[in-house]
Amino acid sequence: MPTHPGSIVQALLNAADGTPEKPALLFGGDTWTYRRLLDDALAWGRGLHRWGLRPEDRIALFLDNTPTFVAAYLGTHLAGGIAVLVNTQYRQVELRHILSDADARLCLTDRQRLPELARVERELPALEAVIVTGATETPADGPDNGTPTVPRLSAEEVLLADGSGDLRAPDPEATALLIYTSGTTGPSKGAMLSHRNMAANIAAIAEAWRWTAHDRLLLALPLFHVHGLTVGINGTLLTGATVDLRSRFDAAEIYATLLRGETTMFFGVPTMYTRLLAEAQSHADRPPPLRLYVSGSGPLSVQTFEEFRERFGHPILERYGMTETLMNLSNPYAGERRPGTVGQPFPGQEARIVDVATRQPITDERMGEIEVRGPHVFKGYWRRPDATAAAFSADGWFATGDLGWRSSDGYYTIAGRARELIISGGYNIYPREVEEVLQRHPAVAEAAVLGLPDPDYGEQVVAAVVVRPDVATPNGPAALAADLIALCRDQLASYKKPRRLVFVDSLPRNALGKVQKHVLRERIEQGDQGTATGRA
C-alpha cells in the first residue's frame, strides 16, 4: 500500500520545510512558493481560530478557483474545521439545502455570489457570518440590497486578526471535507471524507501515474469538485510539484499554454477534450507531447479518444471516481489505455462486480454493480447512519450504484448508472431536483427528467412534461417551454436546466405507478414526442 503523510496539510508542511522556494501554485501571472502558500494557509487558520472556529465546525467554500480558495481550504484544516465544497453555479434551492444540512457557521464567498447567498441567508439559522473575498472593507449588501441578516466580514478582517491560534496538522481520522452528492430517491447527502481518505487516495494516484516534484499540472477543473481539489491540488502538494491554476476552462488559453511546452500534465473532463480538438482545427501547430493527459467525471467516447490520439499524439488516460470514494480505477500509465474502459484499481485499493440482486461476486465478463473497498472510501454520510449502513456490506465493500463488468484481463467497463444520474460536461445532475422545480409551475401536472446522448457534453438534460388540462397556455407550447427553462435557470445551476423539453400527453408507468423512464427514453428517441418540443 502506498505510504502517505496522513493529511494534505502535513504534506504542505513537509514541502514548505524541504523546498520553501519551489513554486507551488501559479495564478494570474503571480507565483506562490511553498513557503508563501503555507504562510497564507496559516494566516487563514489563525484568523478563523481568532474568529471563534471550533473543532469540526463547517465552513462553506462558495467561490471560484483562486489561491484564496486553496489557502482557505488548508487554513480550515489547520484550525480543525471541516470544509464544505459548494458548486459556484448553485442557486437558492441547492444553497439552502447544503448550508442548512451542514449547519455551516461560516461561508466564504465573493462579491459575484453574495447576492445569491443573500437570497437564502434568512433560512440558515446556523450561519453566523459571511466572509467576502476581494473586499477591502466590510461588504454591506443584504437580501435585495437591504440590511444583511448575517454579519459580513472582509477577508482582510479575518486575515489581519490578532492571535496565534492552536494550529497543527489534523488528526488523519478527522473529517476534512463534506461534499454533497444526491440520489434520485431522496435529498442530497453530505459525504464525509477524512484526511486519511484523501492522503491515501492521492498517494495511490501519484504512484500509479508516476507523479513527481518535476511535474507541472495545468488545472482548469473547478476546485469545488473532487477531480480538481482532491486530485489536482492534493496531488501537487503531496508530490511537491507545481500547479498552473486557471479560474475556468478556456480552450484557446489552454491550447496556447500547451503550445509553450511548460506543462507536463493536464486533467480534464470529456467536454474539455472535445473543445481542445475543435480549437486545434484553427492552429497549424500542435502542442509538444505531454507526459500525461487524464480524463474523468464522465464517459470519454471512443471517437474522442481516437481523434485526440491522432491529433495530439497522445492517448488520454481515463479513470473512474466518485464523491464518496475519490478515485477508484485507472487505465495504466505504462500499458494499454483501452478506450471505453476505466482500467483497474489503484494500488492498495480493491474493486469487484456483484450481482445486483444477491450482492454476491460474479465472474468476469458478466454485468453487475461495481463495489469498491480500501482506505480511500469515505467515512459515511453526514448525519445519515441509515444511508451509510445501506451503502456498505458487512465486510466493508461500498456499493457505487454503477453498473459494469470486468474483462478477463482485468479492465473494468462502466455500462450505465443504476441510479438515474445524468453526467453532462463533467457535472452530476440528479433528475429529481429538476423535476421538482418544473412541477412548481402552475401549468405542469407531471415531469420526468432523463439524460440523452450528446456529442459535446456526453449527455444532455431532457424533460418530458405533462401540461395540466385545466390551465390555459395562450401563447403556445414554445412560450411555455421558454418559461419552464427560465424557471430552472433561476432556481438551479444553469447546467441543470433542460436543453430539450418535450410535451407529452402522459408519462409511461408500471403497475406500481413508477415512471418507466426507459420507455420514455425510447419514445423520445423514436420521435414519439407528444404535442411539441422546446429547446434551450
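The values are calculated or read from the model by the stated rules, or taken from the named source; none is laboratory data. In this text the structure is predicted, and so the values were computed from the model without any measurement. Note: ideal-geometry Cβ built from the backbone for every residue, glycine included; neighbour counts use all protein chains shown.
Exactly one residue among A447, A464 is assigned to a strand (DSSP E or B), free of Cβ contacts under 8 Å to residues at least 24 places away in the same chain and in contact with a helix residue (DSSP H, G or I) (Cβ under 8 Å, 6 or more places away or on another chain), and that residue is A447.
In a residue-by-residue description of region 343-350, the property of being crowded, with 24+ Cβ neighbours inside 10 Å and farther than 14 Å from A208 by Cα applies to no position. The sole residue among L438, L512, L507, L487 that is hydrophobic (A, V, I, L, M, F, W, C) and modelled with pLDDT under 85 is L512.
For region 342-371, the set of residues classified as more than 24 Å from S301 (Cβ to Cβ), outside any loop (DSSP other than H, G, I, E, B) and of a type in the set (A, V, I, L, M, F, W, C) consists of V354 only. Tallying residues that are out of contact with any His (no Cβ under 6 Å at 6 or more places or on another chain) and surrounded by 20 or more Cβ atoms within 10 Å (Cβ to Cβ) within region 276-297 yields 4. Within region 64-92, being of a type in the set (S, T, Y) and under 15 Å from G232 (Cα atoms) holds for T66, Y73.
All told, L99 meets the bar of being without any contact (Cβ under 8 Å) to a residue 60 or more places away in the chain and closer than 21 Å to A174 by Cα.
The strands (runs of 3 or more DSSP E) found entirely in region 1-118 that carry 2 or more residues being buried (at least 21 other Cβ atoms within 10 Å of the Cβ) and in contact with a Cys (Cβ under 7 Å, 6 or more places away or on another chain) are 58-62. Cβ-Cβ distances below 8 Å connect the following pairs, each with a first residue in region 507-527 that is closer than 14 Å to L450 by Cα, a second residue that is modelled with pLDDT under 75 and part of a loop (DSSP other than H, G, I, E, B), and a separation of six or more residues or different chains: Q516/N510; K517/E420; R523/Q529. Keeping to region 119-139, report how many residues are aliphatic (A, V, I, L, M) and at pLDDT below 95. Qualifying residue count, region 119-139: 1. Here T263 clears all of (1) surrounded by fewer than 19 Cβ atoms within 10 Å (Cβ to Cβ); (2) in a loop (DSSP other than H, G, I, E, B); (3) not small (G, A, S) except the condition numbered (1). For region 259-277, the set of residues classified as under 17 Å from H225 (Cβ atoms) and small (G, A, S) consists of G268 only.
Looking at T271, T236, T257, just one residue is over 21 Å from L300 (Cβ atoms), in the same structural domain as Q303 (by TED's automatic domain parsing), assigned to a helix (DSSP H, G or I) and not small (G, A, S), and that residue is T257.
Is it true that some residue in region 316-325 is surrounded by 20 or more Cβ atoms within 10 Å (Cβ to Cβ), of a type in the set (F, W, Y) and within 25 Å of the chain's Cα centre (by Cα)? Scanning region 316-325, I find at least one residue that is surrounded by 20 or more Cβ atoms within 10 Å (Cβ to Cβ), of a type in the set (F, W, Y) and within 25 Å of the chain's Cα centre (by Cα), so the answer is yes.
The rows are residues; the columns are (1) of a type in the set (V, I, T); (2) crowded, with 23+ Cβ neighbours inside 10 Å.
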{"site": "A199", "(1), (2)": "no, yes"}
{"site": "H225", "(1), (2)": "no, no"}
{"site": "L245", "(1), (2)": "no, yes"}
{"site": "I254", "(1), (2)": "yes, no"}
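In region 322-340, how many are modelled with pLDDT under 95 and closer than 12 Å to S295 by Cα? Total satisfying the criteria: 2. Here Y457 fulfils each of the conditions (1) at pLDDT 90 or above; (2) within 30 Å of L277 (Cα to Cα); (3) of a type outside the set (K, R); (4) surrounded by 16 or more Cβ atoms within 10 Å (Cβ to Cβ) apart from (1). A Cβ distance below 8 Å, combined with a sequence gap of six or more or placement on separate chains, defines the contacts here; from region 189-217, residues that are in contact (Cβ under 8 Å) with a residue 60 or more places away in the chain and farther than 20 Å from N331 by Cα reach residues that are part of a helix (DSSP H, G or I) and among the charged types (D, E, K, R) in the pairs G190/D101. May I ask you to list the residues in region 468-496 that are without any contact (Cβ under 8 Å) to a residue 40 or more places away in the chain, within 28 Å of H97 (Cβ to Cβ) and not in a helix (DSSP H, G or I)? Selection gives R468 alone.
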